[in-house]
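**Q** Questions regarding the structure given below will be posed in turn.
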Amino acid sequence: MRIGVLAVQGAFIEHEKVMQSLGCDCVELRQKSDIVSLDGLILPGGESTVQNKLLHELDMFDSLKGMIKGGVRTLATCAGLILLAERISNDKRSAFATLPVTVKRNAYGRQLGSFRTRSDFKGIGDVDMTFIRAPYIEKVADGVKILSVVDQKIVGVEYKNQIGLSFHPELDKDDSIHRYFLESI
Ligand code: GLN
């Protein structure tokens with residue numbers, strides 16, 4: 001299985017390590033020519049505004065959007081979720097806008113910028129969840145499956161080929177969410 005990991009900025013190496021431990025080949029997507037035929041795509045955490053800007057500057061945006069719209073299975077965490085979201089309630093700049101949800105960036109404020117918890121993930125059970133200046137999902141359209149809710153806020157969704165998470169499963173030992181992603185390819 002060949003998985004492309006967006007590697008222009010942010011926490012991509014951690015995702016690669018998990019995928020490699022599960023027997024996948026990872027292709028780091030750093031420029032347009034890296035975007036080849038892939039079985040899956042990972043959009044990592046980091047800074048969504050910087051990632052979006054780089055995707056345009058490096059002329060990678062349209063190819064990746066086409067790939068996502070074309071149905072390639074996509075796992076997006078934190079900033080990656082923001083890139084997928086159709087709407088960002090506290091920012092005018094949306095990116096791929098392929099996931100019909102509204103997210104709020106940096107939604108937990110400064111005080112609670114980063115935290116860990118353990119909560120239920122649909123079909124898996126309790127998993128550790130690490131949040132780092134995370135968004136949460138304020139609204140979902142019909143057809144969006146809710147995978148996880150923490151403190152009454154939606155933090156995990158699935159829509160067609162896209163999985164969007166507010167937290168960082170790549171930073172925890174448990175690889176069950178990555179396995180869930182792989183098994184669905
Ligand atoms: N706060 C970041 C943003 O708005 C996301 C943080 C993360 O990916 N850990 O893009």
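The values are calculated or read from the model by the stated rules, or taken from the named source; none is laboratory data. Here the structure is a predicted model, which means the values were calculated and not measured. As a convention, Cβ positions derive from the backbone with ideal geometry for all residues, glycine included, and neighbour counts pool all protein chains shown. Ligands, DNA and RNA are excluded from the accessible area calculation, which covers all protein heavy atoms including side chains. Shrake-Rupley method; radii C 1.70, N 1.55, O 1.52, S 1.80 Å.
**Q** Tell me yes or no: at least one residue of segment 74-87 is over 13 Å from the mean Cα position of the chain (by Cα) and open to solvent by 60 Å² or more (accessible area, probe 1.4 Å).
**A** Let us first name the residues in segment 74-87 that are over 13 Å from the mean Cα position of the chain (by Cα), namely 86-87.
Filter once more, so that each one left must be open to solvent by 60 Å² or more (accessible area, probe 1.4 Å): 86-87.
Yes - at least one qualifying residue is present in segment 74-87.
**Q** Got a sec? Which of E16, E57, E28 is at negative phi and free of Cβ contacts under 8 Å to residues at least 12 places away in the same chain? Full working, then the answer.
**A** Values: E16 fails: free of Cβ contacts under 8 Å to residues at least 12 places away in the same chain; E28 fails: free of Cβ contacts under 8 Å to residues at least 12 places away in the same chain.
Result: E57 is the single residue among E16, E57, E28 that is at negative phi and free of Cβ contacts under 8 Å to residues at least 12 places away in the same chain.
**Q** Next question. Restricting attention to segment 2-34, which residues are β-branched (V, I, T) and crowded, with 19+ Cβ neighbours inside 10 Å? Walk me through how you get there before you give the answer.
**A** Filtering segment 2-34 for residues β-branched (V, I, T) gives 3, 5, 8, 13, 18, 27.
Selection gives I3, V5, V8, V18.
**Q** Hey, can you tell me all the residues within segment 129-144 that are under 11 Å from V157 (Cβ atoms) and either away from the ligand (no atom under 13 Å from the Cβ) or modelled with pLDDT under 95 (or both)?
**A** Just the residues of segment 129-144 that are under 11 Å from V157 (Cβ atoms), to begin with: 136-137, 139-141, 143-144.
Hits for segment 129-144 are I137, K139, V140, A141, G143, V144.
**Q** For segment 108-148, enumerate the residues that are out of contact with any Lys or Arg (no Cβ under 8 Å at 6 or more places or on another chain) and aromatic (F, W, Y).
**A** Hits for segment 108-148 are F115, F121.
**Q** Here's something else I'd like to know. For residues in segment 94-123 being of a type outside the set (S, T, N, Q) and open to solvent by 60 Å² or more (accessible area, probe 1.4 Å), which is farthest from the ligand (Cβ to nearest atom)?
**A** G123
**Q** Which ones in segment 35-51 are open to solvent by 20 Å² or more (accessible area, probe 1.4 Å), away from the ligand (no atom under 16 Å from the Cβ) and small (G, A, S)?
**A** Correct list: S37 only.
**Q** Separate question: Within segment 52-74, does at least one residue satisfy the condition of being touching a Pro at 6+ places or on another chain (Cβ under 9 Å) and either more than 16 Å from the ligand (Cβ to nearest atom) or not charged (D, E, K, R) (or both)? Quick ask: steps written out before the conclusion?
**A** From segment 52-74, those touching a Pro at 6+ places or on another chain (Cβ under 9 Å) are none; that's our starting set.
No: segment 52-74 contains no residue that is touching a Pro at 6+ places or on another chain (Cβ under 9 Å) and either more than 16 Å from the ligand (Cβ to nearest atom) or not charged (D, E, K, R) (or both).
**Q** Also: Are any residues in segment 151-177 hydroxyl-bearing (S, T, Y) and in a strand (DSSP E or B), and if so, which ones?
**A** First, the residues of segment 151-177 that are hydroxyl-bearing (S, T, Y): 159, 166, 176.
The one that is hydroxyl-bearing (S, T, Y) and in a strand (DSSP E or B): Y159.
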